[in-house]
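See below for the structure under consideration.
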Amino acid sequence: MLFGMPATGKLTVGQELAARTGYRLFHNHLVVDLLLSVFEFGSPGFVRLREKFWLSVIHGACLERLPGMIFTFAPETTVRPQFIGNLVETVTAEGGTVDFVELTCPMAELKRRMDTVSRRQFKKLTSVEMFEQLHAGGNLELPMPQARMTVDTSACSAAEAAVRIARELGL
């Protein structure tokens, strides 16, 4: 699981990591965007179905015995606290493991990256003002397990980050 604040480069690093490992990339926004066509972000139906879809896809990947999967995830308060435990339980019940990798980036760089074409493509957060409000309100937090490693994506390219992750995790 690649996790971090918005604009830390989860999708970009995930794409590089998938290219190097052959693992499948499950970008969380694929489900988010699907559900936004029907539900308001954070509504009860959205929250329930988003987590159900995420877990169903992850469980399906385990059942197919894929050699590995990369899941991008942005911890935030509309995700129920039990989701992470449910994800780990889903994977471990099928004999798999979850490695948590945190991507970080200085706040000024996050704000600089906020409004880009690639972020708009997936209906991601693009407003610096909204980002600042959400961050100040504690809405971009969710208790996460200890990361196996942390990568500052402002200090290296996405390709370099992927190489470091693959090496550290033995992928």
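No value in this document is a laboratory result; all are computed from the given coordinates. Treat the numbers as computed from the prediction; the structure is a model and nothing was measured. With ideal geometry, Cβ positions are generated from the backbone for all residues, glycine too; neighbour counts draw on all protein chains shown.
Rg then Dmax, both in Å and based on the Cα atoms of segment 95-152: 13.9, 43. With the helix formula -39500 (n - 2.57) applied to DSSP H stretches of n ≥ 4, the chain reaches a computed 222 nm mean residue ellipticity of -15000 deg cm²/dmol. Taking 0.36 nm per residue of separation and subtracting the current Cα-Cα distance, fully stretching the chain between SER127 and ARG20 would add 35.3 nm. For LYS124, which lysines qualify as cross-link partners when the Cα separation must be under 17 Å and same-chain residues fewer than eight apart are set aside? Of all the lysines, those that pass the test against LYS124 - Cα under 17 Å, at least 8 places apart if same chain - are LYS10, LYS111. The relative contact order of the chain, computed from alpha carbon pairs under 8 Å that lie at least 6 residues apart in sequence, is 35 percent.
The distance from the alpha carbon centre of segment 48-66 to that of segment 100-162 is 24 Å, rounded to a whole number. Kirkwood's formula applied to the C-alpha pairs of segment 2-169 gives a hydrodynamic radius of 16.5 angstrom. In this label model, ARG148 and GLU89 are separated by 2.2 nm, measuring between points 7 Å along each Cα→Cβ vector. Given R₀ = 22 Å, what would the calculated FRET efficiency be for ARG120 paired with PHE53, taking r from the Cβ atoms and rounding to 0.05? In this case the efficiency is close to 0.45.
Restricting segment 11-107 to chymotrypsin sites (Phe, Trp or Tyr not before Pro) that sit in a DSSP loop and have at most 15 other Cβ atoms within 10 Å of their own Cβ leaves PHE41. Distances between placed amide hydrogens fall under 5 Å for PHE100 paired with ARG148, all partners being 5 or more residues away or on another chain. At an R0 of 25 angstrom, the distance between the Cβ atoms of PHE39 and LEU63 translates into a FRET efficiency of 0.40. Modelled spin labels at MET107 and HIS135, positioned 7 Å past Cα toward Cβ, are 0.6 nm from each other.
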